[in-house]
Amino acid sequence: MQVNINGIETRYVLSNEGGGPWLTFVHQLGGDLSVWDQLAGYFRDDYTVLRYDVRGHGETAVSNAPFAIADLAGDLAALLDALGAPNTHLVGMSMGGMIAQQFALDHPSRVNRLVIADSTAASPPEARATWDQRAASVRRDGTASLAPATLERWLTEAFRTAHPEAVEPIREALTRTLPEGYAMACEALRDFDVRGKLGNIRCPALVVAGRHDTGTPPAASQLIADAIEGAHFELLDAAHLAPVEQSQRFAALLETFLERPV
């Protein structure tokens, strides 16, 4: 399905067989909504499951102007408005985790429970040049040029070897991402910093990290959990895309978390 959100044609998939509470998944940089296929199938009988392509990714149009993570959180708010969802459980991975943090800060009454996977509350100063270099590289050489190194960071070698059927759709989503969409998102990530605000998040929170994540070390996720009162932290035997690599374990954690009494 497509809907115009803040002037941008946005693709989303809504699975509401169960007609239960809303559960929204937000994908990583260079990904699309398909990364959540397995988890969406698991939860759709009990929840109204929403997935969408962030602007400049998948089949969502590229922005005409630079944007910040706050703008991406605004896109999510507008999408929920368009679909008639007053609030939602929110799950974000990597870039999606940054969007989820920002959304929880900007729209606190709309988040029932918050799950942040393999993410950080800020890009450190020393990483700014790296984001600029990556944006320049993808504008010059395209997203396919990033695939080998990116997949090595995202998934452990053991998983890539054992599960090529899971790796290939992730590779395809990355290589299909339009260079300008990816580059503009890099620049938004470069400027992201909510470290001083996380204490304002009051909803129940679960933070998950991959033990072998070299791009976003577990310590960065632990800092998020430490800053949100009452947040629960889990470390999984995975690299950067822990919800993919440890999908059964992540699904079990998420199911327990969503059903846990407040």
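Laboratory data are not the source of any read-out in this text; all were calculated from the coordinates shown. Keep in mind the model is a prediction, meaning the values are calculated, not measured. Here the Cβ is made from the backbone with ideal geometry for all residues, glycine too, and neighbour counts use every protein chain on show.
Summary table
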quantity: Test: residue in segment 100-117 that is under 23 Å from Glu9 (Cβ atoms), crowded, with 24+ Cβ neighbours inside 10 Å and not aromatic (Phe, Trp, Tyr); calculated: yes
quantity: Filtered residue count, segment 230-246, keeping only those that are surrounded by fewer than 18 Cβ atoms within 10 Å (Cβ to Cβ) and closer than 19 Å to Thr161 by Cβ; calculated: 1
quantity: Candidate set from segment 212-245 (those that are under 19 Å from Arg260 (Cβ atoms) and acidic (Asp, Glu)); member that is nearest to the chain's Cα centre (by Cα); calculated: Glu234
quantity: Residue list for segment 202-227, filter: of a type outside the set (D, E, K, R) and either in a helix (DSSP H, G or I) or without any contact (Cβ under 8 Å) to a residue 40 or more places away in the chain (or both); calculated: Pro217, Pro218, Ala219, Ala220, Ser221, Gln222, Leu223, Ile224, Ala225, Ala227
quantity: So Gln38, is it in contact (Cβ under 8 Å) with a residue 60 or more places away in the chain and either of a type in the set (Val, Ile, Thr) or crowded, with 24+ Cβ neighbours inside 10 Å (or both); calculated: no
quantity: Filter result for Thr150 (farther than 30 Å from Gly199 by Cα, within 21 Å of the chain's Cα centre (by Cα), of a type in the set (Val, Ile, Thr) and not in a strand (DSSP E or B)); calculated: yes
quantity: Inter-residue pairs, beta-carbon under 9 Å, first farther than 16 Å from Val49 by Cβ and touching a residue at least 60 places away in the same chain (Cβ under 8 Å) and in segment 1-20, second crowded, with 16+ Cβ neighbours inside 10 Å and among the acidic types (Asp, Glu), 6+ apart; calculated: Ile5/Asp75; Asn6/Asp71; Asn6/Asp75; Ile8/Asp75; Thr10/Asp53; Thr10/Asp75
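Residue-wise test of (1) under 16 Å from the mean Cα position of the chain (by Cα); (2) not β-branched (Val, Ile, Thr).
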residue	(1), (2)
His57	yes, yes
Thr60	yes, no
Ala68	yes, yes
Phe103	yes, yes
Val111	yes, no
Ala129	no, yes
Arg140	no, yes
Ala144	no, yes
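Residue-by-condition table, conditions (1) closer than 15 Å to Gly181 by Cβ; (2) touching a helix residue (DSSP H, G or I) at 6+ places or on another chain (Cβ under 6 Å):
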position	(1), (2)
Tyr12	no, no
Thr24	no, no
Leu33	yes, no
Asp37	no, no
Gly41	no, no
Asn64	yes, no
Ala70	no, yes
Ala73	no, yes
